[in-house]
2 protein chains.
Amino acid sequence: MASSLSLSQAISFRTSPSHVYSNSRLPPSSLSLSSSSSSYLKSSASVSLSTRFLSSSHSNLGLISRAPVRAASVDTLEKTTDATLFEKSVNTIRFLAIDAVEKAKSGHPGLPMGCAPMGQILYDEIMRYNPKNPYWFNRDRFVLSAGHGCMLLYALLHLAGYDSVQEEDLKSFRQWGSRTPGHPENFETPGIEVTTGPLGQGIANAVGLALAERHLAARFNKPDLEIVDHYTYVIMGDGCQMEGVSNEACSLAGHWGLGKLIAFYDDNHISIDGDTEIAFTEDVNKRFEALGWHVIWVKNGNTGYDEIRAAIKEAKAVKDRPSLIKVTTTIGFGSPNKANSHSVHGSALGAKEVDATRKNLGWPYEPFHVPEDVKKHWSWHISEGAALEAQWKAKFAEYENKYKDEAAELKSIINGEFPAGWEKVLPTYTPDSPADATRNLSQQCLNALAKVLPGFLGGSADLASSNMTLMKMFGNFQKDTPEERNLRFGVREHGMGSICNGIVLHSPGMIPYCATFFVFTDYMRAAIRMAALSQAPVIYVMTHDSIGLGEDGPTHQPIEHLASLRAMPNLLMLRPADGTETAGAYKIAILNRKRPSILALSRQKLSQLGGTSVEGVERGGYIISDNSSGNKPDVILMGTGSELEIAANAADELRKEGKAVRVVSLVSWELFEEQPDSYKESVLPSAVSARVSIEAGSTFGWLKFIGSRGKAIGIDRFGVSAPAGRIYQELGITKEAVIEAAKSFF
Amino acid sequence: MASSLSLSQAISFRTSPSHVYSNSRLPPSSLSLSSSSSSYLKSSASVSLSTRFLSSSHSNLGLISRAPVRAASVDTLEKTTDATLFEKSVNTIRFLAIDAVEKAKSGHPGLPMGCAPMGQILYDEIMRYNPKNPYWFNRDRFVLSAGHGCMLLYALLHLAGYDSVQEEDLKSFRQWGSRTPGHPENFETPGIEVTTGPLGQGIANAVGLALAERHLAARFNKPDLEIVDHYTYVIMGDGCQMEGVSNEACSLAGHWGLGKLIAFYDDNHISIDGDTEIAFTEDVNKRFEALGWHVIWVKNGNTGYDEIRAAIKEAKAVKDRPSLIKVTTTIGFGSPNKANSHSVHGSALGAKEVDATRKNLGWPYEPFHVPEDVKKHWSWHISEGAALEAQWKAKFAEYENKYKDEAAELKSIINGEFPAGWEKVLPTYTPDSPADATRNLSQQCLNALAKVLPGFLGGSADLASSNMTLMKMFGNFQKDTPEERNLRFGVREHGMGSICNGIVLHSPGMIPYCATFFVFTDYMRAAIRMAALSQAPVIYVMTHDSIGLGEDGPTHQPIEHLASLRAMPNLLMLRPADGTETAGAYKIAILNRKRPSILALSRQKLSQLGGTSVEGVERGGYIISDNSSGNKPDVILMGTGSELEIAANAADELRKEGKAVRVVSLVSWELFEEQPDSYKESVLPSAVSARVSIEAGSTFGWLKFIGSRGKAIGIDRFGVSAPAGRIYQELGITKEAVIEAAKSFF
């Protein structure tokens, strides 16, 4: 059952000094029995944090310990003695959110007002970060899964001293060109870990971040040197809880035992449609227990500050399971007329209610004002953060001395700089290499890459033996073997995609791949879009990429998927035709560090073709064979993937009849479009309008390459359950069809 | 906690006659203490089922009872006394599956072999259906959510006497042109309720089927006449349990208290990647309890036949909650070397193992053989089914006499024939009507339609007040008010879509609509595709359809969505520009009974345009204004939705400069493509190559209409958080851009 921390429990918990001090920067005085006690920070300066934290760390010497290694001198820590400073800081957060939304006349004030206390505690007392280097590797990660409440995060980053959120940024909330968009965007605002807003994504991203930490810690930490050691914190709302993707990801987090993942569930009982009673009456705590989580319930999230603190401590103490801290709050806390209603969820309060809230919370300040004592207090994070990073760097130097090879690997993961010549490990093929399915050739590539890319890891949504995604030299990443690199996602495509977004955004050198049948990109499309938007270079290994999968039928046969994914911005859609092109596709996928790549791969065997090349793949479209001269073939045949062979075979026949035929592989439309016009003209000369395309998918979009006189051979209907060869015949995806179409031009 | 029915419990449960007889066709002798007792059907003929079941029904006279009204003479019921007949029938199912997969050399024998007992009990003892009329309205529904196990379903339909699955159909399993495709397809095989295969869809469909039953029962049943009264049964596997969509749908089923939904969870511990231990260790029963379900665990699903029966009775007795019956089985039961391994999940056993299994289970017959006594036994369902339907029809006649209006409404729902002139209620607009967002105009349409279409119901995924989807004359469909028609899905887009697929496939006159922001079609794309494939005419009300939503930013702004959905087969993508077109779009959506429709609607206000028309919408593309003659305008401007107004305004300016300009609305590409060439030529004459399109989305695909010389104004990047007007300006979606593009042709 969920434990609900009563105040007395919280107190008794906190009276155990070993619990209290080992995992927190909270000064002792803040542990007084009353949350309204006189000075939550008053004796901070009298305690050397570095002493306290290093002693905690030292106590673990000789053990493989997950206890945090804390450091940093805090001599600069402000000697604040104001009894009401905590409250004042919380209200600062609330009013920054209120004022920014009011100025923008758009936004979501309700969540920041309700979650300000937990935000304050996390960013001021719990989390380790360096505001002047938001990318410090060993920082604690925070994810606002309920992304609409982003003003909470912007206010916290602002107070904590991140350069990315200045006062003028708060004042330009949701405006063109600002760094404070309407939902948190990692690519706009340093300090934002992942892009959230679409509900459920953030918690799944956080599972990925926590997985990355656990994996790297298991691989690189040494008994004497814990070089990887951070927590991942999340705030999720009712909406996140309802989304299936969060259940998928949280089921995996429980299965993997990600003990350093701590999720706050902002239980405010309000969503856009009103009271959650109308659609959401499940027992969330019990569900999380069923998923293998440790569950705590803080019943007074509005003013029960010590309860929140105690819950975090309890969560940290449970190391074998992730923790859900359900925090019951009042949405729009402080607004006398709108709190606890959906009207405060997603609209500005309005001038009148802003005034009323100012009165109600005793806030005499102008909009966007941060009181001097609050400002002064928060300034300690700048020196603290610098000290934390410096101490970690010193530790890393020691690590590098002692463990050279591991340090080199970890460095590659931290920096995203890959070992020189990594691409040389990719397998090579000739036309004499045996015919094979590109899914099998893909497995050869990823097994080769796994040997040279330290951050390479991944897996399938319960289709490893169909997607051919196992790395043979590694075992499974599991609770007891987190150092391994084969991920087993179960039948959870959406969760898989969102988790991989978290993994890849953990560190520049993390390279996750994930796999399912190509048709099931539909299940994870929201995650793929978030990867594209977030500039998160996940690699999608999508096999069974056409009717060529045969008997499983139309529910499993992609038709519109190539077109629908080609239409998505900042995504590379690659459909290699043979081993050479598959290797090329992997090279592209690894090199592109600002966009994800989808590899569409065949279930069925394909011949190794003459004329394919890695360089060709890099250009997206290229000539694989041509018997014409002067850039004037009689006809251009083009195709992708499994149909390129059909085009090549058709060309052979047409050439026998004396025709000058060019065969073009259009393996990636996006890359081809990026080439200079002169190159494109050299491949698809505008003077040649006799063009035929063939692809076992929708013809939607092909007009761009075949031109107005061209002919597109494809499938603009759903597929059929039957052996693959028969479907190809019946739906006219054949050499004969290509020849007939070509001859229509002669 | 989950109740695990031990045999003794099952027995003690069954010794209560009132429990035992009231809800089942099971003859008394089958309730003997041993599952291997002599005759599970022996005294059937000596008991008049009609007497038994009618007396059960009579006992409820005067109450609003959910107890089934049973009927039918069973004089024809086979007087089977063979003690092993049950077992023999179960093995018949197993071997039909084994043999069909073997012949196809493709398929999934494991599930049918493990689930044959529960399938047998359901189709032979529990479910009410008429094999000669698979569309009988009041039939029990069965959904095989683990669709890959479809040979179980085909075998059962075959034995039960459905004309759709003859011996030759079993022999052509997974072949071109057969009625037995590789996954169950409702549009191929009468008797299949919904299309499954993509995991998790079926259980969510079943929630929709059960919702429809509960809603219709609440609306139409009378104390003396229960005219709507059936159960919905499901078999789901481990994969279905892992998918987030199933958690979403099951959370709603628990919230709604759908007591007549009974789901079997085939707990066989094996998925494609092997033992589910590697990715799926949550406590499923506890999760379902948290979701508000009644949970039963049958620990021996292989031979514990009486436990299965008792569990079903217990499930039926619990009327206020859906029931999950976890049935622990052995995948591939009977196969001596492959049972309980993933090798039996998705591949033919192979000749050798088929032989071994035949020996192991004592099966001396040729492939596809149905023993005579098994055949004879099952034949009772033909007369039983006819009698059940006849009795229901008699009851309906009585109902029609007593409750004329209700009967007319229900008939419309059953037949899918709408009241004459229904389309006349759609609101009309003129250019003088006030400017309004199409989401608001949409609400006017659906409120109008709700008055005349008895099967019209729907709602939003927690965005009712943003999507504008409330029907003002109705309350919320809730546990205690199931007669109401506003559905509240919570933040569960995928579940919403899949539930609507179930609702619409319940009866031809059910017309569900569902709503979210257009960008979140990504979350429910798998459900939308299943609707398109299943010929399920769900209406998708998708608002906030472009950058015009403004400040919420790129996570919420659709870009590629129009293109990606236009690429999907059998789906109508409609983007109306004003009130008239919105009404036209609804007319189209209602009229198309074999394909779903998506309406993309604006958040922002749009002018009512001159020249728009419902008839125009019906043709997909049409001229809204033109000052040219002889079908030779100087330029054609085309657009959709909110950008049509921009095109019209640009035309006004160009005309002032003396140009002959045609403005074309391309509200639905699919409908336009279906028009005769002569019509298309009249709208887009091939002689006019000066064409400009404008749409606030990806330009992908527009080439088809603008031609190789045309100019497409659109957005081929992600959006931005800012006020809408600013984004339009910055991204160049403006009148000025259209004019400039047009002038480039002059």
(request) Filter the stretch B:162-185 down to residues that are in contact (Cβ under 8 Å) with a residue 24 or more places away in the chain, surrounded by 20 or more Cβ atoms within 10 Å (Cβ to Cβ) and more than 10 Å from chain A (Cβ to nearest Cβ), then give me how many there are. (result) 3
(request) Taking only the stretch A:715-742 into account, find how many residues are small (G, A, S), surrounded by 23 or more Cβ atoms within 10 Å (Cβ to Cβ), assigned to a loop (DSSP other than H, G, I, E, B) and more than 10 Å from chain B (Cβ to nearest Cβ). (result) 0
(message) Tell me yes or no: at least one residue of the stretch A:688-695 is within 37 Å of the chain's Cα centre (by Cα) and in a loop (DSSP other than H, G, I, E, B).
(response) yes
(request) Collect the residues in the stretch B:349-370 that are within 18 Å of B:I331 (Cα to Cα) and in contact with a helix residue (DSSP H, G or I) (Cβ under 9 Å, 6 or more places away or on another chain), keeping them in residue-number order. (result) B:L349, B:G350, B:E353, B:V354, B:T357, B:R358, B:L361
(request) Name the one entry in A:G119, A:G114 that is in a helix (DSSP H, G or I), more than 14 Å from every other protein chain (Cβ to nearest Cβ), over 22 Å from A:I503 (Cα atoms) and more than 24 Å from the chain's Cα centre (by Cα). (result) A:G114
(message) Can you list the helices (runs of 4 or more DSSP H) lying wholly within the stretch A:538-630 that have 3 or more residues being surrounded by fewer than 24 Cβ atoms within 10 Å (Cβ to Cβ) and over 27 Å from the mean Cα position of the chain (by Cα)?
(response) A:614-619
(request) Report yes if A:M473 is surrounded by fewer than 24 Cβ atoms within 10 Å (Cβ to Cβ), farther than 25 Å from A:E193 by Cβ, of a type in the set (A, V, I, L, M) and within 13 Å of chain B (Cβ to nearest Cβ), otherwise no. (result) no
(request) Being touching a Leu at 6+ places or on another chain (Cβ under 6 Å) and facing chain B (nearest Cβ under 9 Å) is the filter here, so list the residues in the stretch A:228-242 that pass it. (result) A:G239, A:C240
(message) Conditions first: (1) touching a His at 6+ places or on another chain (Cβ under 8 Å); (2) part of a loop (DSSP other than H, G, I, E, B); (3) not β-branched (V, I, T). B:D169 passes all but one, so which condition is the exception?
(response) (2)
(message) Could you go through the stretch A:279-297 and let me know if any residue there is over 30 Å from A:Y231 (Cα atoms), outside any helix (DSSP H, G or I) and either in contact with an Asp or Glu (Cβ under 9 Å, 6 or more places away or on another chain) or within 14 Å of another protein chain (Cβ to nearest Cβ) (or both).
(response) yes
(request) For the stretch B:408-429, state whether one or more residues are part of a loop (DSSP other than H, G, I, E, B) and within 14 Å of chain A (Cβ to nearest Cβ). (result) no
(request) Take B:P512 and decide whether it is in a strand (DSSP E or B), more than 8 Å from chain A (Cβ to nearest Cβ) and under 28 Å from B:G620 (Cα atoms). (result) yes
(message) A:Y513 - would you say it is hydroxyl-bearing (S, T, Y), touching a residue at least 12 places away in the same chain (Cβ under 8 Å) and farther than 30 Å from A:N186 by Cα?
(response) no
(request) Could you list all residues from the stretch A:544-562 that are within 15 Å of A:I598 (Cα to Cα) and either free of Cβ contacts under 8 Å to residues at least 40 places away in the same chain or more than 7 Å from every other protein chain (Cβ to nearest Cβ) (or both)? (result) A:H544, A:D545, A:S546, A:P558, A:H561, A:L562
(request) List every residue pair whose Cβ atoms lie under 6 Å apart, where the two residues are 6 or more positions apart in sequence or sit on different chains, the first residue falls within the stretch A:411-433 and is β-branched (V, I, T), and the second residue, located anywhere, is in a helix (DSSP H, G or I). (result) A:V425/A:A448; A:V425/A:V452
(request) Kindly provide the set of residues from the stretch B:243-278 that are more than 7 Å from every other protein chain (Cβ to nearest Cβ), of a type in the set (D, E) and in a helix (DSSP H, G or I), ordered by number. (result) B:E277
(request) From B:H342, B:H377, grab the single residue that is touching a residue at least 40 places away in the same chain (Cβ under 8 Å), surrounded by 22 or more Cβ atoms within 10 Å (Cβ to Cβ) and in contact with an Asp or Glu (Cβ under 8 Å, 6 or more places away or on another chain). (result) B:H377
(request) With the checklist (1) surrounded by fewer than 23 Cβ atoms within 10 Å (Cβ to Cβ); (2) in a helix (DSSP H, G or I) in hand, flag the one item B:R709 doesn't pass. (result) (2)
(request) Given the conditions (1) surrounded by 23 or more Cβ atoms within 10 Å (Cβ to Cβ); (2) free of Cβ contacts under 8 Å to residues at least 40 places away in the same chain; (3) in contact with a helix residue (DSSP H, G or I) (Cβ under 8 Å, 6 or more places away or on another chain), report the number of the one that B:V692 does not fulfil. (result) (2)
(request) Test each condition in (1) crowded, with 16+ Cβ neighbours inside 10 Å; (2) in a loop (DSSP other than H, G, I, E, B); (3) touching a Cys at 6+ places or on another chain (Cβ under 9 Å) for A:L487 and report the one that comes out false. (result) (2)
(request) Scan B:S534, B:S507, B:S460 and give me the residue that is at the interface with chain A (Cβ under 9 Å from one of its Cβ atoms) and either surrounded by fewer than 24 Cβ atoms within 10 Å (Cβ to Cβ) or not acidic (D, E) (or both). (result) B:S460
(message) over 20 Å from B:K704 (Cβ atoms) and without any contact (Cβ under 8 Å) to a residue 12 or more places away in the chain: is that true of B:G630 in this structure?
(response) yes
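The numbers here are math on the coordinates, done by the rules we state, and not lab data. What you are looking at is a predicted structure, and each value in this text was computed from that prediction instead of being measured. Methodologically, a virtual Cβ is constructed for each residue, glycine included, from the backbone with ideal geometry; neighbour enumeration extends over all protein chains shown.
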